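The values are calculated or read from the model by the stated rules, or taken from the named source; none is laboratory data. Treat the numbers as computed from the prediction; the structure is a model and nothing was measured. Cβ atoms come from the backbone with ideal geometry, glycine included; neighbour counts cover every protein chain shown.
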Amino acid sequence: MKVMKRLASMGLTLTVALSLAACSSTPQQSAPAQGQPTTDTSNTEPASQPAEKVKIVYARGKDSTDSTKRLVEAFQNAHPNIEVEIREMPADTGQSHDQYVTMFSAQSSEIDVFDLDVIWPAEFAQAGYLLPLDRLIEQDGIDTGKYIKGAMDAGNFGGQQWTMPKFIDAGLLFYRKDLVQEPPKTWDELIAQAKATKGQGGTKFGYLMQAKQYEGLVCNFVEFIASYGGKILDEQGNVAINNPATIKGLQKMIEVVQSDFVPSNITTFMETESHTAFLEGQSAFIRNWPYQFALAQDQAQSKIVDKVAIAPLPAGDAGSAAALGGWMGGINKFSKHPKEAWEFLKFMTGAEGQKISAVHGGLAPTLLPVYEDADVQKASPLFANKDFVDGVSAAVSRPTTPIYPKISEVIQIEVSKALAGQQSAEQAVQNMETKMNELMKK
Ligand code: GLC
């Protein structure tokens, strides 16, 4: 990649090393593992007969934009024999996860294609919920090298490719250009500016984030602790959470959450609540994912069109850190229409699909050539800035393990208690260490 070394010019100097790359391998065109179905879809339609219209169901979380609708329309126009029904899943990734697990563990075929959070593939692949994609990728000559490596690798488990990357997320600071001259570089500067801007220009708050007890809390936590040099696991996968840097990061998070410049009910805020308040013009700052920019520019729902700029999240002692997020597409192993499901997945994660998601949904492409597209570059300052790709590639991943949901639950519970003032940061970190070590032993 040419996109090098200009991080500092945008300030996207995400100093915490990416552990994502360490936990994966290059996609391989290997034979299906024992016990896994083959991806031979040649028996679905005899080529000589006119294909009948097939309906597939595509499930994804709540979309606050019209990009999914547009994506499906474009696909159906190109594939008149395939109808795609959109099934909307909860906005809370953890709730979606649990619903999928219930469905797939009962071998349900009601969904054909679905979006997976970057934290799920290891678990879903191991549980046997996904159709392996290697042969399909090879058969259609998809060049996986054109995708952001970390995003492609995140769907590679046990030497097989289980998902195709759809978009990549990294935590960012969005701020009101009309209220803020120079974005804060450190958490302490953010705290000072959030206090100072609260009440200005019709705002009610200074800062918005996601502090509800759910997965988004883990992302915010990871950013605070990593910016002080803390981590959850070390490179060997051992629990490394109990250290002074993590404690310091959590203390800063507690300071922000307990301040009077965030909404008093911030511990009920997920992405939707925080972005809605920001779009209403209620805060000078928000921590959110790249999609925030497209929403801010949407006349139909935003009071802050053309007033928003983007910066890296504030730094702690160890620099600025963004949590790595993002979503990929996979095929339900029990789908009755794997061939059509693959056609849709290929379209959605290919150039045309990713362009629609970027332009209309503000979602950051994982397919590198899409960043060269003029319409995509116009859609968000992030996409026109080559440093952004390097920035997200340096973002901090959450642990990649099939037991991730359990690890996440521990973090959610202990951090929530600390934010509510029910225990100190030291106690929270000690409890997380003990509980995670127990989980690791099992
Ligand atoms: C975004 C991220 C995802 C993360 C979630 C938390 O959707 O892409 O990885 O788990 O937010 O709310």
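What to note about this one:
- Yes/no for G145 being in contact with a Leu (Cβ under 7 Å, 6 or more places away or on another chain), of a type outside the set (D, E) and in a helix (DSSP H, G or I): no
- Filter result (part of a helix (DSSP H, G or I), more than 14 Å from G329 (Cβ to Cβ) and not small (G, A, S)) within the stretch 113-142: E123, Q126, D134, R135, E138, Q139
- Residue within the stretch 208-229 that is assigned by TED's automatic domain parsing to the domain that holds K185, within 16 Å of the ligand (Cβ to nearest atom) and over 16 Å from I411 (Cβ atoms) present: yes
- Qualifying residue in the stretch 128-147 (condition: modelled with pLDDT under 95, of a type outside the set (S, T, Y), surrounded by fewer than 22 Cβ atoms within 10 Å (Cβ to Cβ) and more than 16 Å from the ligand (Cβ to nearest atom)): no
- Test: residue in the stretch 154-163 that is within 30 Å of G249 (Cβ to Cβ) and within 16 Å of the ligand (Cβ to nearest atom): yes
- Restricting the first member to the stretch 273-293 and to residues that are outside the structural domain of K177 (by TED's automatic domain parsing) and more than 17 Å from S380 (Cβ to Cβ), and the second to residues that are assigned to a loop (DSSP other than H, G, I, E, B) and of a type in the set (S, T, N, Q), no beta-carbon pair is closer than 6 Å while six or more apart or on different chains.
- S96 vs. criteria farther than 16 Å from M348 by Cβ and either touching a His at 6+ places or on another chain (Cβ under 6 Å) or part of a loop (DSSP other than H, G, I, E, B) (or both): no
- Exactly one residue out of V359, V370, V308 is in contact with a helix residue (DSSP H, G or I) (Cβ under 9 Å, 6 or more places away or on another chain), surrounded by 18 or more Cβ atoms within 10 Å (Cβ to Cβ), of a type in the set (A, V, I, L, M) and over 24 Å from D117 (Cβ atoms): that is V308.
- Top-ranked residue of the stretch 373-408 - restricted to ones that are in a helix (DSSP H, G or I) and among the small types (G, A, S), ranked as surrounded by the most Cβ atoms within 10 Å (Cβ to Cβ): G391
- Evaluating K417 against the criteria (1) assigned to a helix (DSSP H, G or I); (2) at pLDDT 95 or above; (3) buried (at least 19 other Cβ atoms within 10 Å of the Cβ) leaves one unmet condition, (3).
The rows are residues; the columns are (1) hydroxyl-bearing (S, T, Y); (2) within 16 Å of the ligand (Cβ to nearest atom); (3) more than 23 Å from the chain's Cα centre (by Cα).
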{"residue": "L295", "(1), (2), (3)": "no, yes, no"}
{"residue": "A311", "(1), (2), (3)": "no, no, no"}
{"residue": "A321", "(1), (2), (3)": "no, yes, no"}
{"residue": "G329", "(1), (2), (3)": "no, yes, no"}
{"residue": "K336", "(1), (2), (3)": "no, no, yes"}
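- The set of residues from the stretch 52-108 being within 19 Å of G325 (Cα to Cα) and surrounded by fewer than 16 Cβ atoms within 10 Å (Cβ to Cβ) comprises K62, P90, Q95, D98.
- Odd one out for A47 among (1) surrounded by fewer than 12 Cβ atoms within 10 Å (Cβ to Cβ); (2) in contact with a helix residue (DSSP H, G or I) (Cβ under 9 Å, 6 or more places away or on another chain); (3) at pLDDT below 50: (2)
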